[in-house]
Every structure is written in C-alpha cells, then in structure tokens.
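Note sheet for the following structure.
The values are calculated or read from the model by the stated rules, or taken from the named source; none is laboratory data. Everything quoted here is computed from the prediction, not taken from an experiment. Cβ coordinates were reconstructed from backbone atoms using ideal geometry, including for glycine residues, and neighbour counts include every protein chain displayed. With ligands, DNA and RNA removed, areas are computed over all heavy atoms of the protein, side chains included. Shrake-Rupley method; radii C 1.70, N 1.55, O 1.52, S 1.80 Å.
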Amino acid sequence: MSNIPKSIISRAQQMGYAVPYDYFVSMVNPKSRGSAWDWNNFVNLAVRMTNVTCYQSFSEKEWNKWEKEIRQIATSTAKIHAEQIIKDSGVLEWDTKIVSE
C-alpha cells in the first residue's frame, strides 16, 4: 500500500468520514428511515454505502489500479467513524426511550 498516491488515500479517508456522517444525518429524520429502521444496522449499512460511493467516485483508471486499497481504507475508516457516531449520539438510547414512552 506504500505506492498508493497520497491523494487517493486522502479521498478514500474523506469518504470514510463523510458517507457515514451524511447517512446518519439523513436517518435521524424519522420520515427518511421508515418504521422498520433499526439503528443496530447503521454501521454495516454505512460501510456498504461507503463502498458503493468509492466505486462511483473514483475514475476507472484509479479504481482499476487501486481498488483493493481504496476499499480497505474507505471502509475501515467508515466503520470506525460510524461506530463513533452511534456511540457519541446515543441514538440507541433514543429509540429505546421513544418506544418505551
């Protein structure tokens, strides 16, 4: 992975931060997530969305040359960031309180 350009690493990391955050912001609105939404699935879905976003965002040349590295950087960053978002937000407790009231 040492040969991968810093610009590619930076973009992959940025996606790993931005996609989970944007996804969280949209899912906070109950109208966006629907009645069957389960916050326990957020991290997994955020990582999947990051993977798809990377595929769509990098040029074909970049993707073909660095796919494995891009996926690894972006999805590992997304997983860490999504887990932190869930922890910091306390959203798992929000849903419990809403259901129990």
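Brief remarks on what is shown
- Dipole magnitude of the chain, debye to nearest 20 (Cβ charges: Lys/Arg +1, Asp/Glu -1, about Cα centre): 340
- Sorted from longest to shortest, the spans of the Cα atoms of the chain along the three principal axes equal 54, 21, 15 Å.
- Here Arg71 and Glu93 are evaluated by their C-beta separation; at R0 = 22 Å the FRET efficiency comes out at 0.10.
- When a 1.4 Å probe is rolled over the protein heavy atoms, the share of accessible surface on the chain that falls to carbon and sulfur comes to 53 percent.
- A dipole drawn for the chain from +1 and -1 charges on Cβ atoms has a positive end, and of Thr53, Gln14, Ile4 the residue lying farthest that way is Ile4.
- Angle in degrees between helix 91-100 and the longest Cα principal axis of the chain, rounded to the nearest 10: 20
- Sum of -39500 (n - 2.57) over DSSP H runs of 4+, divided by residues of the chain (222 nm, nearest 500): -27500 deg cm²/dmol
- For the chain, accessible area per residue (1.4 Å probe, heavy atoms of protein chains only), Å²: 67
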